């Protein structure tokens, strides 16, 4: 098979794509490989491929192209990990039994949904500043430095708001 020629994409466009898609792409890959460090490696590999070969990809197709590349790489990584997983004694009956029980028992899924609904309700009862920091941290996966910058508060205030929100949620759920 002939080597694919490099058709580089300009670094500015790659950086824009990274900003727009890296978080969601990493979560998608994690669902396949179940390891955050491996997911980060796969995402990095995908963006290297975009920078080297993305010159021919139409702007509106870049996101789907990245997902296809990441998906293929994640499958390769997962296949390479199989021998290690199969040889591990810890990942035997209890893990697979728990997974099977969860998949078979619809009540487990209903209970999980009830927990999610309850947590969502409790979050909405928090002060607006705490909700904002909590959502930025957990739903948008931002660092505290990014949160502080986007909300225009000191990083210590962002950390305090997160701690207060988590403390309040813990006290409500007890």
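The values are calculated or read from the model by the stated rules, or taken from the named source; none is laboratory data. A quick note: this is a predicted structure, and the numbers were derived from the prediction, not measured. So basically every Cβ, Gly included, is an ideal-geometry build from the backbone, and we count neighbours across all protein chains shown.
Answer yes or no: is there a residue in segment 60-82 that is over 21 Å from residue 15 (Cβ atoms) and at pLDDT below 80. Checked segment 60-82: at least one residue is over 21 Å from residue 15 (Cβ atoms) and at pLDDT below 80. Among the residues examined, residue 10 does not qualify as at pLDDT below 90, surrounded by fewer than 13 Cβ atoms within 10 Å (Cβ to Cβ) and over 26 Å from residue 146 (Cβ atoms). Of all residues in segment 113-155, those that are assigned to a helix (DSSP H, G or I) and closer than 28 Å to residue 21 by Cα total 27.
Look at (1) assigned to a helix (DSSP H, G or I); (2) at pLDDT below 90 and you find that residue 89 fails only one, number (1).
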